[in-house]
1. Any idea how many residues of the range 88-112 are open to solvent by 70 Å² or more (accessible area, probe 1.4 Å) and in a loop (DSSP other than H, G, I, E, B)?
2. Output the qualifying pairs, or none if there are none: Cβ atoms under 9 angstrom, residues six or more apart or on different chains, first residue in the range 232-246 and on the phi > 0 side of the Ramachandran plot, second residue surrounded by 18 or more Cβ atoms within 10 Å (Cβ to Cβ) and modelled with pLDDT of 85 or more.
3. Scan (1) open to solvent by 50 Å² or more (accessible area, probe 1.4 Å); (2) modelled with pLDDT under 90 for the single condition Gly551 breaks and write down its number.
4. For the range 222-246, enumerate the residues that are under 30 Å from Lys191 (Cα atoms) and either at pLDDT 90 or above or in contact with a helix residue (DSSP H, G or I) (Cβ under 8 Å, 6 or more places away or on another chain) (or both).
5. Within the range 48-70, which residues are loosely packed, with under 14 Cβ neighbours inside 10 Å and within 14 Å of Ala118 (Cβ to Cβ)?
6. With farther than 30 Å from Gly506 by Cα and among the aliphatic types (A, V, I, L, M) as the only criterion, which of Met240, Met251, Met294 stands out?
7. Could you tell me which numbered condition Ala572 fails, if it satisfies all but one of (1) at pLDDT 80 or above; (2) surrounded by 15 or more Cβ atoms within 10 Å (Cβ to Cβ); (3) over 32 Å from the mean Cα position of the chain (by Cα)?
8. Determine which member of the set Tyr277, Tyr254 is in contact with a strand residue (DSSP E or B) (Cβ under 6 Å, 6 or more places away or on another chain) and at pLDDT 90 or above.
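The values are calculated or read from the model by the stated rules, or taken from the named source; none is laboratory data. Since the structure is predicted, the reported quantities are computational estimates derived from the model, not experimental observations. For neighbour counting, all protein chains shown are included, and Cβ atoms are generated from backbone atoms with ideal geometry for every residue, glycine included. Calculation scope for accessible area: heavy atoms of the full protein, side chains included, ligands and nucleic acids excluded. Shrake-Rupley method; radii C 1.70, N 1.55, O 1.52, S 1.80 Å.
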Amino acid sequence: MKNYMKFALVAACVLGLGFTSCSDDDDVIKTALKEPVASNAAATVSSLTFQWDKVEHATQYGYELTDPAGNVVMTDVTKKTAVTFTGLRPATTYTLGVWAYSKLYGDMESSKVATLTATTAFTQQLAAPQLSATVAAGVASVTWEPVPGATSYTYSYMAPDKESGEDVEVTGETSENHLEISGLPIDRTYKVSVYATSSDEVYTPSEVVSVSFTMSHSEAWTVQGTYTSAHLGKSFPVTMIAYDDNSYTLMAWYGVDYYNFDFSVGSDGIVTPNGSYARTADGDYIIPTGVNEMREVYISTGSNPSTFTGNERSGQITIRTCNYDNGTDTFVWVPARQEMWRAQGTYHSAVTGQDYAETLIAYDDNTYALEPWYGVTGFNLEFKTDPSNHGSIDEIMNAEGYYDNGYWANTGLGGDYYGMYIWPGYDASYEDYCSYISGGRLSGEVRLYVYAAGVAGADWCVDSFTWGNSASSITIDDLVGEYKYVTKGQEYVTDYTNWYDFDYDGSYTVSKSESDPNSLVFDNFYWTGYPLTGKVDLEKLTITFQPQTAGYYIFASSEGENLPMVAKIDPANLTVTFDGWNMWYDGYYYFRNTLAVFTKL
């Protein structure tokens, strides 16, 4: 109490300077003001508010706040009857001293000091988040239930830096109760730490909790292809595995077991090596190959990056490599050929003078197989044709080369007839001295210009395989059934400068319309989920699809939403070709450069 009174006396003297003097010898007896009646008005974690009743005849009030150790926190004078202190410690008891001042030159003196204690509010630590982690499609998902009172969550984890490859701490804050992490190297274990925080000062941050996960991905598809090294001038059969997180692995890279190349592909198609590979001063990745002649290559991702185009059917990777000299490696893959149709027929050999019952198998890549060739089981003849040049047989696929572009093929026959030379190609000036295929699924002929080198007195002659009835014509019922289809083009993504290349295949059902026997119904065209009906004209070999709704869209010609889509029928191969179809919505087209080919199974 002595301290408070000393402060009051000094303050009174200061206020009186220039007007009167204060002295212990002053004989004037004055009446003291009443003590303020104070109360604790409010308390938070870091503040206290006090108020007191107005004291009659008081002109202002002095106050002083001290902490539990007696240290003065704040002292001042106010004409108000309330005061708030901030920046205080939580759960701490403070003491307020407050007194009233009288009017200068009045007949009353300051009041005694009234004291009051009050305690700031206690804080509460937030509950720790309960973490769980899952990994799918190359993305790690860390989740937790919302923590009561929390307004945000701070997280951290260690991950390789994309430039240096060294582990660095990744930190961040989120208001959500989940976190998704992608782009991490696989087959490594990571630990994510999280703690809860709040904007309300009542709450203190929670304890830090952690959860671990091992990064993985799942195989999406696998293709076989050819890797060609520009530096070595060699090609290698290589298997590529595609994963569900846009990462890939070239197995037995450069033909060396256990030397695989792992990489990821961005949305821009740029290839970036995955893993802790070394870097050059220019930022190129240094990748070991395991090849004695070239133990490592530099792969560029900068101004001249490696690129990836394609999908599970076909594509190409161009890898910009450097090993003392610049080069461009490529990995090319094409879809495995699929059978389209087969026909039974008769193979007549002009060399042996005999006929053989054989089967012709047609594939979707313009390749064919005659089996068994010359009637010998296990000895087939495979060849590739060029449809744009009268079905020219341009390559005998399972034969050895012969002078110029001729081929030597083993018939499997004994004696002098074991092998034939086949002259491929088509020349309109020498039509009888060429090898080519004509016709299609229903009927046709394969002509092979051959020479039996082992037969004395032999000369070039023509072998032929014929099937079906060349005079036959198709009916609408011939077009009903199951089909394989291939459709490709570009699909609208966000605007007319952003298109997505697509190339799909699958199976399809075509049925006759119940309301019109001359119309066919193509079930679930592309992705619409709606059947499309077209009018068949067997004389013109066309199917006309008038503009028709397919969900929210209108299926029509790419030339306009009011123009019909006219598909063409190939009766020989029983194929239907949609060239230039489109989906329209409110006058806008959503596809371009489209081509769909349906081949009956």
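1. First, pick out the residues of the range 88-112 that are open to solvent by 70 Å² or more (accessible area, probe 1.4 Å): 89, 103-105, 107, 109, 112.
Now drop any that are not in a loop (DSSP other than H, G, I, E, B), which leaves 89, 103-105, 107, 112.
Residues that pass the stated criteria total 6.
2. Asn246/Ser264; Asn246/Val265
3. In the conditions (1) open to solvent by 50 Å² or more (accessible area, probe 1.4 Å); (2) modelled with pLDDT under 90, Gly551 misses (1) alone.
4. Of all residues in the range 222-246, those under 30 Å from Lys191 (Cα atoms) come to 241-246.
Within the range 222-246, Ile241, Ala242, Tyr243 qualify.
5. Selection gives Pro68 alone.
6. Values: Met240 fails: farther than 30 Å from Gly506 by Cα; Met251 fails: farther than 30 Å from Gly506 by Cα.
After ruling out the rest, the residue left standing is Met294.
7. It fails just one condition, (1).
8. Details: Tyr277 fails: at pLDDT 90 or above.
That would be Tyr254, the only listed residue that is in contact with a strand residue (DSSP E or B) (Cβ under 6 Å, 6 or more places away or on another chain) and at pLDDT 90 or above.
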